[in-house]
Each structure stands twice: as structure tokens, then as C-alpha cells.
Amino acid sequence: MSRIRILPEILSNKIAAGEVVERPASVVKELVENALDAGSSRILLALEQAGKALIRISDNGTGMNRDEALLAIERYATSKLVTDADLFAIRSLGFRGEALPSIASVSRLTLESRDADSEVGTQVQVHGGKIVDVANAGMPVGTQVSVRQLFFNTPARRKFLKTVHTEMGHVMDVLSSIALAWPNTGFQLTHNGKPMKNWAAAPDALDRVSDVVGHAVKEDLMPVSFSRDGVGVEGWICSGRTVRSTSRGIYLYVNRRFVKDSLLRHALMAGFSGRIITGRYPVAVLFVTVPPGMVDVNVHPTKHAVRFAEPKAVHRMVETAVAQSLQRLDRPFRRTVETPAPVKQPPDRPPMATAAEPVASFFPRPVAAPFVPEPSPSALVKQQPVGDAPPIAAPPARSSRADTVQQSLFEDARSFADLRIIGQLRDTYIVCESPRDGMILVDQHAAHERILFEAFKQRAATVVSVQRLLMPETVEVGYNEARILDALLPDLGKFGLDIDPFGGETFVIKAVPALLSGREAAPLVREIVEKAADSGITPGLDSALDQIRHLMACHGAIRAGQRLSMEQMRALLHQLDGCDAPATCPHGRPTWIHWKIGAIEKAFHRIV
């Protein structure tokens, strides 16, 4: 008996389904793309239990007659390819004829369709890949596909499905990415009989973009338009002022097909070079149009990946298009060399502090925090001889509190506050003199971040002081993020963030911890939720609480480029002395670096 045999058709269909159908969101993607290929202007989606029990998609497209409906559930049956040349010039979203038979092999599928030339429609029922009934159906022109009990005959696959909220989040992500590319098509989604989304056909594509990515960023969206040699880049991007902590706000398309392409993402980030800091991501919706013969969309079963015939040219086009759009931000501020304009502070930069300004008015609360007492006047002017400091690459371990540790850091200087402050470098680094051996630079943002982080951590077991907002802030998030934020509300309340649902995916922020008074709360909340969605942290875990502290400290800390008075710099160093781990910020970046006097003199050739 031969050990090599041909697999039964039912089994081969199930294997194919494993490549195409991963979860309910995969079914939604394939069926919605089929509806769009059929020329639909209105698509209705009805789900039960996030698609585990039912996925029903109805459209008003061209529909099919009886023979076509029966052929549609056969593998490799398609109306979109005729010759092998068509495979290398794909102009439709679907083309392989695998979606319907793959879905039908792992579910109880009912296909109903009618074209304009047929008096009645056709209903085909398929259970686990086998046709069980074919009948006439009274219906309008179009197609309706109902998928029930997904993975009913493959329990090993079904047990890997996640909770209803998680699966529904994936469905919303898929539908949102498709809806962005088809603004002239209306999409309506219901879940367990309740309306979830209703995107009406939008004559202005920007309205659909703002509906999906959030109305809060609409005012910051700027158009992108660039074309050359048959390649075009269109869409919208936000300026470097509107950034996200994850890449969830990036939507990239090739010939109206949503893709997760590393080449395009790299080109987008290259266009933003110098505009956003490392670890932050822009909000962008970009449509790249290339001749069908210059891109291969058949490199992955889910069609999320593509391959370009000339990847370098496409990368250069996208990078140039983004960079040129961002350059428009600079033009209103350009001045000629003959008439230089006086330097102005950026709009988001606070007024320059003066020596007479109270320290507490600049640092929100930490100066008066219980764990760091307000420095006395004598402490602010006290000077001590300062000794050697080890290289930043290997800071000594802390033994107990700041007085003991700083003695090991600076030897005969007992604390950061004992260093003599010279001034600020680029309004970002505090320059300090170590009279005995060199110079020390303190990163003001990293240092203040460490101070706030430990303040939040010490207050975890105590009653948190909160600041009620005179004008509550609203924050709008995506469907998946809304479910996560709802679960995080008890944890955020422990930190003094009083947040309530406001309907749909909108929440209202009523209070913030006193340590963050004067700061915008909406960007902080949005980043907390996006980080939670991206990393999959579970509410209530210590890792989740620590991440919240990290983000709150980062948002509350003073920024690079903010000028400090001498009193404020002294207060910052004094508070750093009260920290348990003052050598680094919560993210691990150093708060200070040291240059020994010997290295400085050697650079100036004063010693050989």
C-alpha cells in the first residue's frame, strides 16, 4: 500500500480554511471584499456573539444567477481571472476563488443571491463543505451570505477563539480598515441585534477618515498628494504634534487594498524623520496606487502582504510625498536672511520662569509632596566640595536612601542638591559643576519623570489627592480600545483619574491626580489604552499598574526645551535626592552623565 495518497476534498478544504479563516474577522474580511468586488454601494453586517454564532453579510451588488451561485462554492471558481496574464495584473480585492469554499468547509453556510436578469434568487445551503439543499429564494438583486457556528466541525480551532469583546475588536479593526478605502460605500454593523456602527456613504473622503481615526484629529489632518511615473500617493497625515504611542493609527493601502507592509511603513517614518521622537508613531491614511503589473498581491493567503517590482522607487515616492506635505508647516514661519525675525517660544512652551517665580507654580505638586520636603533657603544655596563620579555606564547600586547613595555617586558631595548649578544647555540639560572632578549633565525630563513615577508609586497605598477639572475633557477611542478602557477604569481611579463612559467609544475625564494638574488628560488616557491594547496587558496586574505609572510620569514631567529658573533647577535636584533609583528614568534612560576633568583637559591638550 502506498504511503503517499491524495487527501480527500473535505480535508483539503479544511486545510485551506486554516490559511484563510483564522477567526470571525477573517470571514468578515473575505465576504465584505467579495461584496465590494460585486459593485455594492451598501453593505449590511449582522453578528451574534462576535461572529462565533452568526455572521450575515448582505449587499446590493450585481448578484449571481443559479448556475453561478452553485459554482461560487467550488474551490478556485472565480469571475476575476481568465488568463494567466490576469494573475499578474490584479484589479480586484478577491481573485483566487478560495474564500467561500474555505468558509463553507468549517461552518454552516447559506448563500442567497439574485442578479438583475433572474426573476427569483437562489439559496444554497452548505454544511461542513457539503451541499445539503438548493432552492429558490425571493429577494432583491444582490447577495446575502450567512455563516453559522464557525468551526463547528473543527473544535480544536474553535477553542482558540478569544472572548466576545476580543473577537469583536478584531472585527471592528477589519471593517474600519476596509471602510477607509471605500468612502462611497455605506457600512452598517449590528451585534446581537444592537446597532454598533453606521458609516453612511461619504461624498467627502475626509469625513470617512475622521469617522474612523477620530474626530479629534480631523483639524490636524493635512492632505498628501504626489505622483510620478505612474505611481501615486494620496491621503492624509497628521503633523508631528499629533502622535500615538503605537502604530494603530497608521493605515496603508496599495490599490485600495489594506496592507501591513514594512516597506511602506518604513517610508512613512522616513518622511517624518526629525518630526517625531523615536518610539512615537504618526496618524496617517495613505493610498499608494501602482500599475497592477508592478505589484504582486498573491504572496500571502490573507493578502495582507504585497511585493513591489521596484521597491526602492515606491519607498522614495512615499517618503517624498510625506516629507513635502510636512514642509508646508514650515513655510509660514520662514524669514529672509536680510530681515531675521525675533525668536519666539513655541505655542505649547510655558512662559520663561523668573527667579522670583514660586517653584510650586511650575512643578505640579511634587515640590510639596510628602516624600520630598520643600527645600529650605539654606539648602538651596549650600555648597559642598564635590568628588569623583563613576562612568554612567556602570552606576553603583543604591544601598538605602539618597544621602547614602549620592555619597557613593559624588564622594564628598552628599547629594544632587550639593552640586553647583551653572545653567541650562538647550533648555533641556541642567549643567552642574563638580569642583573636584569635572562636569555633570542632568536630563531635566528624565529626572522629573523619575520623581513623578516614585511619587505615584508611594501614593499607591494612600488616598490620592485629585484635582477636579473645571471643564471636563472628552476622549474618543476605537471600539477595541473602549472595551479595554472600560476594564481599566477601576485601576485608573486608584491613581486619581476619574473617568466615566459618555456613550459609544467616548469617555469623559472629570478629575486628574493633583500631581498632573495643569496637564492635558486626554492624550494620557489615549496612550494608556493604546499601550494596553498593543501589549495585551490585563487590568489589575502589577505590570499594568506600573505601565500606567510610567505613562502618567512621562506625561506629567517637564519637557525638553522648557526653560527653568535657578530656583526650579535647584528644587528638581533636591527632589531627585529623595528617589530610590535616581540614576535612571522609569524607562531606563540615564538621568545624569559625567565628564571627568581629566578627559576634558586631555581634549584641550592641556595634559599629555
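Does Ser247 satisfy the condition of being of a type in the set (Ser, Thr, Tyr) and in a strand (DSSP E or B)?
Spelling it out, it is not the case that Ser247 is of a type in the set (Ser, Thr, Tyr) and in a strand (DSSP E or B).
Within the range 242-264, is even one residue open to solvent by less than 30 Å² (accessible area, probe 1.4 Å) and of a type in the set (Asp, Glu)?
yes
Have a look at Pro183, Pro140 and point out the one that is outside any strand (DSSP E or B), under 15 Å from Asp59 (Cα atoms) and more than 21 Å from the chain's Cα centre (by Cα).
After applying the criteria, what remains is Pro140.
What tally of residues in the range 482-495 results from selecting those that are at pLDDT 85 or above and open to solvent by less than 30 Å² (accessible area, probe 1.4 Å)?
Count: 4.
Per-residue answers, yes or no, for (1) among the acidic types (Asp, Glu); (2) assigned to a helix (DSSP H, G or I); (3) surrounded by fewer than 18 Cβ atoms within 10 Å (Cβ to Cβ); (4) free of Cβ contacts under 8 Å to residues at least 24 places away in the same chain:
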residue: Val132; (1), (2), (3), (4): no, no, yes, yes
residue: Ala135; (1), (2), (3), (4): no, no, yes, yes
residue: Val145; (1), (2), (3), (4): no, no, no, no
residue: Phe151; (1), (2), (3), (4): no, no, no, no
residue: Ala156; (1), (2), (3), (4): no, yes, yes, yes
residue: His165; (1), (2), (3), (4): no, yes, yes, no
residue: Met168; (1), (2), (3), (4): no, yes, no, no
residue: Met172; (1), (2), (3), (4): no, yes, no, no
residue: Ser176; (1), (2), (3), (4): no, yes, no, no
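Looking at Ile451, is it under 16 Å from His555 (Cβ atoms) and either surrounded by 19 or more Cβ atoms within 10 Å (Cβ to Cβ) or at pLDDT below 90 (or both)?
yes
Mind checking which residues of the range 86-104 are modelled with pLDDT of 90 or more and either part of a loop (DSSP other than H, G, I, E, B) or within 31 Å of the chain's Cα centre (by Cα) (or both)?
Of everything in the range 86-104, just one residue is modelled with pLDDT of 90 or more and either part of a loop (DSSP other than H, G, I, E, B) or within 31 Å of the chain's Cα centre (by Cα) (or both), namely Ile103.
For the condition modelled with pLDDT of 80 or more and either part of a loop (DSSP other than H, G, I, E, B) or of a type in the set (Ser, Thr, Tyr) (or both), what is the one hit in Glu119, Glu112, Glu68?
After ruling out the rest, the residue left standing is Glu119.
Kindly establish whether Ala270 is outside any strand (DSSP E or B), surrounded by fewer than 21 Cβ atoms within 10 Å (Cβ to Cβ) and touching a Gly at 6+ places or on another chain (Cβ under 8 Å).
no
Would you say Gln547 is touching a residue at least 60 places away in the same chain (Cβ under 8 Å) and either surrounded by 17 or more Cβ atoms within 10 Å (Cβ to Cβ) or in a loop (DSSP other than H, G, I, E, B) (or both)?
Spelling it out, it is not the case that Gln547 is touching a residue at least 60 places away in the same chain (Cβ under 8 Å) and either surrounded by 17 or more Cβ atoms within 10 Å (Cβ to Cβ) or in a loop (DSSP other than H, G, I, E, B) (or both).
The values are calculated or read from the model by the stated rules, or taken from the named source; none is laboratory data. All values reported here derive from a predicted model rather than from experimental measurement. We place every Cβ from the backbone using ideal geometry, glycine too, and count neighbours over all the protein chains shown. Protein only, heavy atoms only, side chains kept; ligands, DNA and RNA dropped before computing areas. Shrake-Rupley method; radii C 1.70, N 1.55, O 1.52, S 1.80 Å.
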